[in-house]
Amino acid sequence: MFSTTNSAFPMGPNRPIWNPTSSEPSNGNPETEKGLISIVDDDESVRKALKRLFKSVGLRVEAFASAEDFLSLASPQHTACLVLDLRLPGMSGLELQAKLLSANCHIPIVFISAHGDQQARKQALAAGAIDFLQKPFSEKALFDAINSALVIQNRGASKID
């Protein structure tokens, strides 16, 4: 796991994670600098709750009900972090991760799942996911993972190891 102790990304429910006045180096992409978080989860209540949570800390957010919707409606190159459910109708979260990687699209991914599938967790992390959180998870765990993703994306990482 990557360190999340970076003053450019203060965390907490009343402070934005992204600090646009930071002197932290950027990758030059104005969309990722604004902290666009994409959520892919088939559970509408989860999408709404996460969207509300991310907006409450000043992040830009978009939400999709399926991997296919994300691929057809989103602009993956503008996504700073993808919060991705493991089990989805149609293409799974792991299949979306593989598809993005095969297209040389290295978006930091935070997997979320209601299923304690250790094999899937290992596979996701081995393919470069930032974290794999089991539902229900704490806001702190989620913010830590998002913070790590934004640090990586902001540094212009072309590959997540």
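The values are calculated or read from the model by the stated rules, or taken from the named source; none is laboratory data. If you're wondering where the values come from, they're calculated on a predicted model, not measured in any experiment. Reconstructed Cβ throughout: ideal geometry from the backbone, glycine too, with neighbour counts over all protein chains shown.
Residue by residue, here is whether (1) under 15 Å from the mean Cα position of the chain (by Cα); (2) modelled with pLDDT of 95 or more holds:
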site: 99; (1), (2): no, yes
site: 110; (1), (2): yes, yes
site: 116; (1), (2): no, no
site: 126; (1), (2): no, yes
site: 131; (1), (2): yes, yes
site: 136; (1), (2): no, no
site: 142; (1), (2): yes, yes
site: 149; (1), (2): yes, no
site: 154; (1), (2): yes, no
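Residues that are surrounded by fewer than 16 Cβ atoms within 10 Å (Cβ to Cβ) and either free of Cβ contacts under 8 Å to residues at least 12 places away in the same chain or within 17 Å of residue 35 (Cβ to Cβ) (or both) occur in the range 131-138; there is at least one. Pairs linking a residue in the range 95-113 that is over 12 Å from residue 71 (Cβ atoms) and in contact (Cβ under 8 Å) with a residue 60 or more places away in the chain to a residue that is outside any helix (DSSP H, G or I) and among the basic types (Lys, Arg), with Cβ atoms under 8 Å and 6 or more positions apart or on different chains, are 112/135. Taking (1) farther than 22 Å from residue 135 by Cα; (2) at pLDDT below 95 in turn, residue 69 satisfies each apart from (2). Checking 101, 88, 71 one by one, the residue that is of a type outside the set (Asp, Glu), out of contact with any Gly (no Cβ under 9 Å at 6 or more places or on another chain) and part of a helix (DSSP H, G or I) is 71 and no other.
Can you name the residue in the range 37-60 that is small (Gly, Ala, Ser) and at pLDDT below 95 and, of all such residues, is surrounded by the most Cβ atoms within 10 Å (Cβ to Cβ)?
58
In summary, residue 62 fulfils each of the numbered conditions (1) touching a Ser or Thr at 6+ places or on another chain (Cβ under 8 Å); (2) acidic (Asp, Glu); (3) not in a strand (DSSP E or B) with the single exception of condition (3). Note on the range 146-159: residues that are free of Cβ contacts under 8 Å to residues at least 60 places away in the same chain and either basic (Lys, Arg) or assigned to a helix (DSSP H, G or I) (or both) total 1. Looking only at the range 114-130, count every residue that is surrounded by 13 or more Cβ atoms within 10 Å (Cβ to Cβ) and in a helix (DSSP H, G or I) and tell me the total. Total meeting the criteria: 5. With the structure loaded, tell me whether residue 80 is under 19 Å from residue 53 (Cβ atoms), among the hydrophobic types (A, V, I, L, M, F, W, C), surrounded by fewer than 17 Cβ atoms within 10 Å (Cβ to Cβ) and under 13 Å from the mean Cα position of the chain (by Cα) or whether it fails that test. It is false that residue 80 is under 19 Å from residue 53 (Cβ atoms), among the hydrophobic types (A, V, I, L, M, F, W, C), surrounded by fewer than 17 Cβ atoms within 10 Å (Cβ to Cβ) and under 13 Å from the mean Cα position of the chain (by Cα).
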